[in-house]
Amino acid sequence: MRLPITLALLAALPTAVLAQDDADDARSWSGSAEFGLAIASGNADSETVNGKFAFLREEDRWFYGLSAAALRAESDDELSANRYEAGVKLGYAFTSRTYLFGSLRHEDDDFASYEYQTIASLGVGYRFIDSERTSLLGEVGPGARRFQPIDRLVGTPPALTSFDAKTDAIVRGSLDFKHQLTANTAITNLLLAESGSGSTYVQNDLGVAVQMSERYALKAGYQVRHTTEVPVGIEKTDTLFTTNLVVGF
């Protein structure tokens, strides 16, 4: 299977970023990269590949975040999943617990109710729990969502119809939970909700990571994505289970 160019960039970007900074500056960055691959052959052929990375840089009261993810799956030479995401976040901390942020997220998905969606938002974040073993962050704020609906059959007799891109106002909220269960095992859960007049999108990412060394870990993840309003023939809920190698930076 031909791996998407995006995944190659995910693997190369951490090295490229750190190489540009000197040793002292590089230590202000933290992040991780994940990669998983599953191939089956015989009576049925299937290939699934996923990758993601997340970076955070903290500088005095400012912080900057970058993230990206990709999922591609084929079954008997037919594409069954093809999704790419990228996001950026900029924030400023007023206190040790309260901060303001601006974020931008873009997603392309060949098997969703939209061809793409771009969400821009502003808001306030608060650290409800910030201990050595446990953290819980909440964010809420207004934003705007721009999306391109997929072509679909409309009318009688039905005819394939294209639709213009749409924009609606949304409210964005998230809860980010992390807990160190043992010295080498951690559990994470990220809940994201984007609600507008057209529909509400909810995504929950649950993960359990087991540290194998200072830099490497194995992670099992379970993702649920739900959209309240979708065209006929499109499922409202998608689930994804992954087992990935994680490299920390």
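Every read-out reported here was derived from the displayed coordinates using simple, explicitly stated rules and does not represent laboratory data. Quick caveat: nothing in here was measured; it's all calculated off a predicted structure. Glycine gets a Cβ as well: all are built from the backbone with ideal geometry, and neighbour counts include every protein chain shown.
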key: Mean ellipticity per residue at 222 nm, deg cm²/dmol - from DSSP H runs of n ≥ 4 across the chain, formula -39500 (n - 2.57)   = -2500 deg cm²/dmol
ask   = When the dipole is taken about the Cα centre of the chain, and only Lys, Arg (+1) and Asp, Glu (-1) are charged at their Cβ, what size is it in debye, to the nearest 20?
value = 680
Charged-residue dipole, Cβ positions (Lys, Arg, Asp, Glu), segment 39-146 about Cα centre, Debye nearest 20 = 900
remark   = Here the FRET efficiency for LEU191 versus TYR216, based on Cβ atoms and R0 = 25 Å and rounded to 0.05, is 0.40
note = Taking placed amide H atoms and a strict 5 Å upper bound, the residues 5 or more places from GLU229 or on another chain that come that close are THR200
ask   = Between the helical axis of 5-20 and the dominant principal axis of the chain, each derived from Cα atoms, what acute angle in degrees is found, rounded to the nearest 10?
value = 20
key: Hits among lysines - C-alpha to C-alpha of LYS178 under 27 Å, sequence gap 8 or more where chains match   = LYS52, LYS89, LYS219
query = Put a dot 7 Å past each Cα toward the Cβ at LEU160 and TYR92; how far apart are the dots in nm?
reply = 5.0
request  = Distance from a point 7 Å along Cα→Cβ of TRP62 to each backbone N in segment 76-108: keep the residues under 20 Å and list them by number.
outcome  = 87-105
key: Linear extension gain, ASP151 paired with VAL208, 0.36 nm per residue minus alpha-carbon span   = 16.7 nm
